[in-house]
Amino acid sequence: MKSAEQTEQGIVKDEIIEGLNRTPKTLPSKYFYDKRGSELFEEICTLKEYYLTEAEISIMKNHIHEITDEMGTGLELIEFGSGSSLKTRLLLDHLQEVKAYVPIDISEDFLAKEAEKLEREYPDLKILPLALDYSMPFELPDEMQPYKKVIYFPGSTIGNFVPAAAKNFLKKCSKLAGSNGGLLIGVDTKKDPKVLEAAYNDSKGITAAFNKNILVRLNRELDATFNPDWFEHRATYNHREGRIEMHLVSLEQQDVTVAGTSFNFDKGEEILTELSYKYSPEEFEKMASDFFELKIKWTGKDNLFGIYYLLAKD
């Protein structure tokens, strides 16, 4: 059940107001993913500049037998941020005796549509979709059994957490996986800033539309008065912090109302909408080491991306 402070679609009003009262102003990146936002992200994943998807799928295809051998048989697969489950199909096609698949995504409509597709493609597989924010506490479906649990967290989404929160999230993953459980996770690597910035500033403007869609959503769900055309998408690499920073930049001096609260924007003022941390293999392995044992890792061409299989520590 959603709280009284939460709209039907999942936005928490107080969280938005608090973020817009900060200096600099912020909006939570998780609210990108309404139905339209999820569709735009799927488009981003097909772009040439957005190397992450191609690099990750290439690793998956080239090492799928090793990956599934490490994961084992007779397991329950739990996926965070499942989206269209494209990469998951590679796992489902090669894993043996999957007892259940639990796709988790914050976009309820998008998740329901994709779960229906999977049910048609895998009629013998028990599919238990959960529409929720997996960064918050939650419980697995009652239908789950005491089988080995493997969490799948693709797409480098771990980079959207600040390092301290990422470490705490890994701790929760270890507890959820439990004894003998595992985590298959994608992690983006540090590389040439030109390559990184191009991935978040694509020439077709799809990422810009994705970024601005959060304003459209606030207009719809919180009676906000944003004019998306008065904001510019901007993404830059912060070398010192090792992260991409994505902003919406006000093109004019303007006032905007959100859920009855007024906010002033100076010309050039930024709203921080997303952080995407990049990790060297050594940095990520050290961060995960308190909660997981590294079993094996795979990196692709030019070390653009890494996939790790980790075993939960007792």
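The values are calculated or read from the model by the stated rules, or taken from the named source; none is laboratory data. Computed from a prediction, not measured in an experiment: that's the story for all the values here. When we count neighbours, we look across all protein chains shown, and the Cβ atoms used for this are built from the backbone with ideal geometry, even at glycine. The area values use the complete protein model at the heavy-atom level, side chains included, leaving out ligands, DNA and RNA. Shrake-Rupley method; radii C 1.70, N 1.55, O 1.52, S 1.80 Å.
So the values come out like this:
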quantity: Other-chain or far-sequence residues with amide H under 5 Å of Asn201's (modelled H); calculated: none
quantity: Between 0 and 90°, nearest 10: helix 163-177 axis offset from the chain longest Cα axis; calculated: 40
quantity: Value of Rg to Rh for the stretch 124-189 (Rh from inverse mean 1/r over Cα pairs, i.e. Kirkwood); calculated: 0.97
quantity: Surface per residue (accessible, 1.4 Å probe) for the stretch 95-188, Å²; calculated: 47
quantity: Listed values (i) 34.1; (ii) 16.5; (iii) 15.8, entry calculated as mean projected area of the Cα convex hull in nm²; calculated: (iii)
quantity: Of all DSSP beta bridges in the chain, antiparallel share, percent nearest 5; calculated: 65
quantity: Between 0 and 90°, nearest 10: helix 108-121 axis offset from the chain longest Cα axis; calculated: 30
quantity: Euclidean distance between Cα centres, the stretch 154-228 to the stretch 257-271, Å; calculated: 23
quantity: Angle between the chain longest axis and helix 206-221 axis [Cα atoms, degrees, rounded to 10]; calculated: 70
quantity: C-alpha center-to-center spacing [the stretch 78-109, the stretch 47-73] in angstrom; calculated: 14
quantity: Computed [θ] at 222 nm, deg cm²/dmol, the chain (DSSP H ≥ 4; -39,500 (n - 2.57); rounded to nearest 500); calculated: -10500 deg cm²/dmol
quantity: Förster radius 22 Å - calculated FRET efficiency between Thr23 and Gln253 (Cβ-Cβ, nearest 0.05); calculated: 0.85
quantity: Accessible-area composition of the stretch 131-202, carbon plus sulfur, in percent [1.4 Å probe]; calculated: 54
quantity: Relative contact order (%) - the chain, alpha-carbon pairs under 8 angstrom, separation at least six; calculated: 21
quantity: Rg and Dmax of the stretch 190-314, Cα atoms only, in Å; calculated: 19.0, 55
quantity: Glu241-Gln145 pseudo-label distance in nm [points 7 Å out on the Cα-to-Cβ vector]; calculated: 4.6
